[in-house]
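Asker: Take a look at the following structure, please.
Every number here is computed from the coordinates shown, using simple stated rules; none is lab data. This one's a predicted model, so the numbers in the text were calculated from it and none came from an experiment. Heads up, the Cβs are rebuilt from the backbone with ideal geometry, glycines too, and the neighbour counts pull from every protein chain shown.
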Amino acid sequence: MFRFEPPPAPRAGGGSEPEDPYAAQPAARSEGPTATDPYARPPGGPWGPQGTNIHPRGTVALVLGILSCCGMAILGPVAWAIAHASLREAQASPYPVTNLGHLTAARILGMVGTGMLALSVAWFLVVISFAISTA
């Protein structure tokens, strides 16, 4: 069995301890807030950093797209049109928009809802024509 022994004591007058590579380095002092300052204001002004711009119609288009796939297929073309126009506005904007995923999902759900609307209209026409032909 091994016995623990502490390291030998340093000799008198000899050298210094090696520097710890994992020790925290002293922060360099500079003017203004730094990245390590917890009270530093984010860049981009007092309203938040740039890139947190959310298109105001993103949520509306997404909700309409979801509703169009959940039985209200008449909302499909509306969701598709709103999402398509909002995506164009977001891509033309000089500021980055963060909810492009919502707009893309709303456009796709609007397409699906429009397809469901077209299928239900086609089915309705088939049923009507069948009822007329048998009467």
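Asker: How would you order 75-82, 110-117 from highest to lowest mean count of nearby Cβ atoms within 10 Å?
Answerer: Output ranking for 75-82, 110-117: 75-82, 110-117.
Asker: Next up: Using the Cα atoms of region 58-134, I'd like the radius of gyration and the largest Cα-Cα distance, Dmax, both in angstrom.
Answerer: Final numbers for Rg and Dmax: 16.0, 61 Å.
Asker: If you stretched the chain out fully between Ile128 and Tyr95, how much longer would it get, using 0.36 nm times the residue separation minus the C-alpha to C-alpha distance?
Answerer: Difference between extended and current length: 6.7 nm.
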